[in-house]
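What follows is one structure encoded as structure tokens, with my remarks underneath.
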Amino acid sequence: MAASAVPVLGKVGLPAPMAELARRAWDVIVVGAGHNGLTCAYYLARAGKRVLVLEAREAIGGACTLEETWPGYRVSPCAYVVGLLHPKVIADLELVRRGYRWTPAMGGYFVPFDDGSSLQLWDDEEKANAELRAFSPRDVEGRHAMHGLMRRACDLLRPATDQDTWLHRPPTRDQLEARLGHDPDLIGLLFEWSQAELMDRFLHDERVKMAYMGQGVVGTTASPFDPGTASIYFHHYSGRLDPSGEPGAWGYVTGGMGMVSFLIHDAAVEAGAVVAAGVPVARIHPGRGVELAGGEMLRAATVVSNADPRTTLRLLGPDADGAWRRKVEAVPVESRTVKVNAALRELPDFRARPGTRMPHHLATINTPLSREEWRAGHAAAAEGRLPTRAWTEIYLQTAYDPSVAPAGRHVMSVFSQYVPHTFAEGTWDEHRTAAGQLVLGSIGRFCSNFPGAVEAVDVLGPPDVEDRLGITGGHIFHGECLPPYMWDRRLAYRTGMDGVFLCGAGTHPGGSVIGINGRNAAFEVMGMLD
């Protein structure tokens, strides 16, 4: 049995000398060993195809990997929590047998506010209702109605059956509207409403609205007041990882998010795929194979790119079809998000609920912004400036899984926006420290032990994601994920160029750790996708 990627944190190296790999006959070469590329390789190898996966970096996993950022700390540098990984991928690849474990964020959703109040919406509905009833009684019914609408959309579009729209070629808007029964509210949620409009339709207390506002902009450059942002919330709500089949569950992978990619690697290799890391591809030659940075030519009639579409376009060079090039270049890819990972000597001590080992540390934690701060922050980033305050979403892996840090220490993952992709004056190297201080300060205003509890910080702005992971624009979803770029508007798995396919987050159903993009691309290669 081939060696597992788990003990080496994805640094699988070369399975054979490059000269030997170049001599072999391959049916398919997959460019990029992110989780979707590895999933694609599994399905193709299981079908008897001779599959080679080439990863430019020393470690596999792409944005879903693990790094020892500081001695003794295993950090998920980009992807940090699981929620949309498709149950079919989990089952087909037997990930549970291989060691995949996840724990729901049972603490639910915790938000402190500037007035000293706070709200914890537990995964347990009775507890969540009790807390919200004491906080804002009128919003109990409204929250249930809002999530009821989202569940209806999920049941219609993403039932836990083979009728799940994610398992097929992406539907058109007309097909989606028919599937939704032409219900104007469901259509509004999926295509038209801003996140602010969604909040205003269902909720009353401004603090409760603030608590949810950031869920409509995760990974997008849009403001929560822009049309279509409610669909971002729905996209991230629509996972069915919960054993009951109910949508909306998120949680922590034991060992860190990179375990997902590492275990998918193990499944692909067991199925017969060959995975080589530290092998940059310089060119994709349609119908012929790939040329490596070292000049070697590896031949295969089919190439599947797990690289982002802009990188794939660059690798194709003059061989790229003009119409396809225009489609790729029409998708915005410049990110305005920043990821901050921190090593902590103790968990955050929130003034609203004091203590460093409390139930809210088991929750997804958001630090909110007012409407004025959302508008000002969005405008500042668009103008190339850092805002005075940022929205943050915080996950504390070690509250569940102490194995990823030294004894008594903790890891904090923060996803935050907005920051400039490019500064009006100066570079990211000049502004990185200030960006990190902005994020930590936006959290620290609610905590009594920040920044004192912070021992080390790693700040990844958009150019850092691009440089370290090779993702154009630093956009971890491989491009904008608002309605004009989703469903059948997302790039197709088949590019139209001879034997060239896509399998990454730039394809349907979009970004996050899903895996079904890779599965669908494999089925498209084999002519089996309906």
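The values are calculated or read from the model by the stated rules, or taken from the named source; none is laboratory data. Worth saying up front: this structure is predicted, and the values here are computed from it rather than measured. Cβ atoms come from the backbone with ideal geometry, glycine included; neighbour counts cover every protein chain shown. Accessible surface is based on the protein model in full, side chains and every heavy atom, while ligands, DNA and RNA are left aside. Shrake-Rupley method; radii C 1.70, N 1.55, O 1.52, S 1.80 Å.
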To the nearest 0.05, how large is the calculated FRET efficiency for ASP174 and GLU296 if R₀ is 41 Å and r is the Cβ-Cβ distance? 0.30
Which of the peptides 105-115, 38-48 is most tightly packed, and how do the rest follow, going by the mean number of other Cβ atoms within 10 Å of each residue? 38-48, 105-115
Probe 1.4 Å, all protein chains present, accessible-area order of ARG468, ARG519, largest first: ARG468, ARG519
Need the C-alpha centroid separation for region 458-530 versus region 98-123, integer Å. 29 Å
Compute the Kirkwood hydrodynamic radius of region 408-530, taking the inverse of the mean of 1/r over all pairs of distinct Cα atoms, and give it in Å to one decimal. 17.3 Å
In nm, spacing of pseudo-spin labels at ASP92 and ARG201 (7 Å Cα→C-beta vector): 3.3 nm
Three-way shape call for region 196-257 based on the alpha-carbon gyration tensor, with the a/c threshold at 1.5: prolate
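Please state, to two decimals, what the Cα-based radius of gyration of region 347-419 comes to when divided by 2.2 N^0.38 Å (N = residues).
Against the compact-globule rule of thumb, the ratio is 1.33.
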Net length gained if the chain between ARG494 and ASP530 were fully extended (0.36 nm per residue, minus Cα distance): 11.6 nm
Based on the Cβ-Cβ distance of ARG23 and SER370, what FRET efficiency does E = 1/(1 + (r/R0)^6) give at R0 = 41 Å, to the nearest 0.05? 0.05
Could you work out the per residue convex hull volume over the alpha carbons of region 119-197, in cubic angstrom? 118 Å³
How large is Rg over Rh for region 293-336, taking Rg from the Cα atoms and Rh as the Kirkwood inverse mean of 1/r across Cα pairs? 1.03
Under a point spin-label approximation (7 Å from Cα along Cα-to-Cβ), what is the ARG468-ASP185 distance to one decimal in nm? 4.3 nm
With viscosity set to 1.306 mPa s and temperature to 10 °C, compute the Stokes-Einstein D of region 1-138, Rh being the Kirkwood radius across alpha carbon pairs; µm²/s, no decimals. 85 µm²/s
Please list the radius of gyration and Dmax for region 147-297, considering alpha-carbon atoms only, with Å as the unit. 20.6, 63
If you average over every viewing direction, what projected area does the convex hull of the Cα atoms of region 11-78 give, in nm²? 5.3 nm²
Reduced to Cα centres, the span from region 23-93 to region 258-289 in Å works out to 7 Å
Would you calculate a helix-derived [θ] at 222 nm for the chain, using -39,500 (n - 2.57) for each DSSP H run of n ≥ 4 and dividing by the full residue count, to the nearest 500? -9500 deg cm²/dmol
If R0 is 60 Å, what FRET efficiency do you get for ASP124 and ASP429 from their C-beta distance, rounded to 0.05? 0.85
Correct response: the longest run of the chain lacking exposed GluC sites (Glu not before Pro), defined by DSSP loop and at most 11 other Cβ within 10 Å, is 1-382
Given 25 °C, 0.890 mPa s and a Kirkwood radius over Cα pairs, the Stokes-Einstein diffusion coefficient of region 476-519 in µm²/s is 233 µm²/s
Sort ASP488, ASP308 by accessible area with a 1.4 Å probe, largest first. ASP488, ASP308
